[in-house]
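The values are calculated or read from the model by the stated rules, or taken from the named source; none is laboratory data. Fair warning: this is a prediction, and the values are worked out from it, not measured in the lab. No Cβ is skipped: glycine too gets one built from the backbone with ideal geometry, and neighbour counts run over all protein chains shown.
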Amino acid sequence: MPRWVWKAVAIFWLGYLIAIRVDSYTDRLYGLFVLLLVSLFLSLAIEPGVNRLATRGWRRGSATAVILVGVLVAFLVFVIAIGALVGQQIADLLSDSETYVNRTVSFLNDTFGTHINASQVIASINDENGPVQRFIESQQGRVVDLSVTALGLLVQLLSVLLFTFYLVADGPKMRRSICSRLNPERQRTVLDTWELAIEKTGGYLYSRALLAGLSTLFHWVLLQAIGTPAPVAMALWVGVISQFLPVVGTYIAGALPVLVTFIDSPPKALAVLVVILVYQQLENYLFLPRITARTMDLHPALAFGAAIGGAAVLGPVGAVLAIPGAAMAKALIGNTGERHEVIESTLTVVKPRLRRRRRRAARSQHPTADPPTTEPPTAEPLPAEPPATEPFSVDPDANP
């Protein structure tokens, strides 16, 4: 047997044992990896704001702390407002369940032609051995588990804020430490990539915040007109959740206002459902392509696919982080490689888009002519004067 066989066997088993340990440590450090990824995303998002405050004389630590506190306060206000609304609706439902049951049964019987007995439904709800009471009793024992889960989420939130603070406050020092080990060309590549990541992450948050504001305003006006309970809180819930949770955010956001309104009035719940579906179509076809194209330069189909892939790998966190990651990857790929001139074909014709104001102005000035160009008209050259000629004379001595 050749000597190299023993070395190959030893290297194989040693690599196998190392792979097992690495896999075990990866499973244990998965939570830390997700926290660091979220912290990096948040640090890239608030970096422009911290840089603006730093140019005005603020210390980076103070500017970072102020922005993080503002983000935390906004998040807590949102959670408390939604939690108080849901708790109030649950308390009203438990205290006056018979009224809501009678109203719901009457709606179902009148709309769908069913023959449900409201008294039997109320009796089954109040029955101690019934499924409703047994479900409520089973959930009472999970109060401790929910408290532990909430405490764990709070610890993770504080960990994310701590990592984000150090990444932003000591950002210049960290980048100088990384660039000090690279040659100037690689330093420029690293810094350009970092700046691109900040730009795309900020564009993602800006576009989502703008869409969330439009959604909140639209739903607030219509929910107020319909007469739903707490229209401001419900509109804020729909606007934020539908934008910052890709793919499934729309369904999660729409379920709560429909359910809360259904408890109060089933016909109003149907109207709320129609409003949510109509706005979703308007957003998909009008608002989302325009805002995403201007802020992130990312096609909606690519964004949708990136969100699905990120959700499959890292869950909801991956769905949120995948869209700016896809925008950054697209920008990096677009800046590399050689570009060639495209041949003329019917499959590659792209008609230029003119703004409506420019087209209207062009039509008003030249109703039958093409829109004027921005180049100034060139003056036609004057005809050249003929050269001066001597008067014609006949030489008598010339040969005929």
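How many residues are polar (S, T, N, Q) and surrounded by 15 or more Cβ atoms within 10 Å (Cβ to Cβ) if we restrict to segment 104-123?
Residues meeting the conditions: 1.
Could you please tell me which pairs satisfy a Cβ distance under 6 Å, a separation of 6+ or placement on different chains, a first residue in segment 23-36 that is closer than 18 Å to LEU158 by Cβ, and a second residue that is surrounded by 10 or more Cβ atoms within 10 Å (Cβ to Cβ) and among the aliphatic types (A, V, I, L, M)?
VAL34/VAL317; LEU35/VAL160
Report whether or not ALA91 is closer than 30 Å to LEU42 by Cβ and among the small types (Gly, Ala, Ser).
no
Which of the residues spanning segment 216-230 are in a helix (DSSP H, G or I) and surrounded by fewer than 23 Cβ atoms within 10 Å (Cβ to Cβ)?
THR216, LEU217, PHE218, TRP220, VAL221, LEU222, GLN224, ALA225, ILE226
Among the residues of segment 162-184, is there at least one that is under 22 Å from the mean Cα position of the chain (by Cα) and among the β-branched types (Val, Ile, Thr)?
Looking through segment 162-184, at least one residue is under 22 Å from the mean Cα position of the chain (by Cα) and among the β-branched types (Val, Ile, Thr).
Any residue at all in segment 208-229 that is touching an Asp or Glu at 6+ places or on another chain (Cβ under 9 Å) and aliphatic (A, V, I, L, M)?
The answer is yes, given that some residue of segment 208-229 is touching an Asp or Glu at 6+ places or on another chain (Cβ under 9 Å) and aliphatic (A, V, I, L, M).
From VAL317, VAL313, grab the single residue that is among the aliphatic types (A, V, I, L, M), surrounded by fewer than 15 Cβ atoms within 10 Å (Cβ to Cβ), more than 22 Å from VAL221 (Cα to Cα) and at pLDDT below 85.
Step by step, each of VAL317, VAL313 is checked, and only VAL313 is among the aliphatic types (A, V, I, L, M), surrounded by fewer than 15 Cβ atoms within 10 Å (Cβ to Cβ), more than 22 Å from VAL221 (Cα to Cα) and at pLDDT below 85.
Scan (1) closer than 30 Å to LEU167 by Cα; (2) without any contact (Cβ under 8 Å) to a residue 12 or more places away in the chain for the single condition THR193 breaks and write down its number.
Status for THR193: all satisfied but (2).
State whether one or more residues within segment 225-236 are at pLDDT below 85 and within 24 Å of GLY315 (Cβ to Cβ).
Within segment 225-236 (the criterion being at pLDDT below 85 and within 24 Å of GLY315 (Cβ to Cβ)), the answer is no, since none of the residues qualifies.
The rows are residues; the columns are (1) in contact (Cβ under 8 Å) with a residue 24 or more places away in the chain; (2) under 30 Å from the mean Cα position of the chain (by Cα); (3) assigned to a helix (DSSP H, G or I); (4) within 24 Å of ILE241 (Cα to Cα).
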| site | (1), (2), (3), (4) |
| --- | --- |
| ILE20 | no, no, yes, no |
| ARG52 | no, yes, yes, no |
| LEU68 | yes, yes, yes, yes |
| ALA74 | no, yes, yes, yes |
| VAL79 | no, yes, yes, yes |
| LEU94 | no, no, yes, no |
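Which residues, taken from segment 96-143, are over 38 Å from the mean Cα position of the chain (by Cα) and in a loop (DSSP other than H, G, I, E, B)?
ASP96, GLY113, THR114, HIS115, ILE116, ASN117, ASP127, GLU128, ASN129, GLY130
When you scan segment 198-213, do you find a residue that is more than 30 Å from VAL50 (Cα to Cα), of a type in the set (Ser, Thr, Tyr) and surrounded by 20 or more Cβ atoms within 10 Å (Cβ to Cβ), even just one?
Taking every residue of segment 198-213 in turn, none turns out to be more than 30 Å from VAL50 (Cα to Cα), of a type in the set (Ser, Thr, Tyr) and surrounded by 20 or more Cβ atoms within 10 Å (Cβ to Cβ).
Of the residues in segment 124-153, how many are loosely packed, with under 12 Cβ neighbours inside 10 Å and among the basic types (Lys, Arg)?
1
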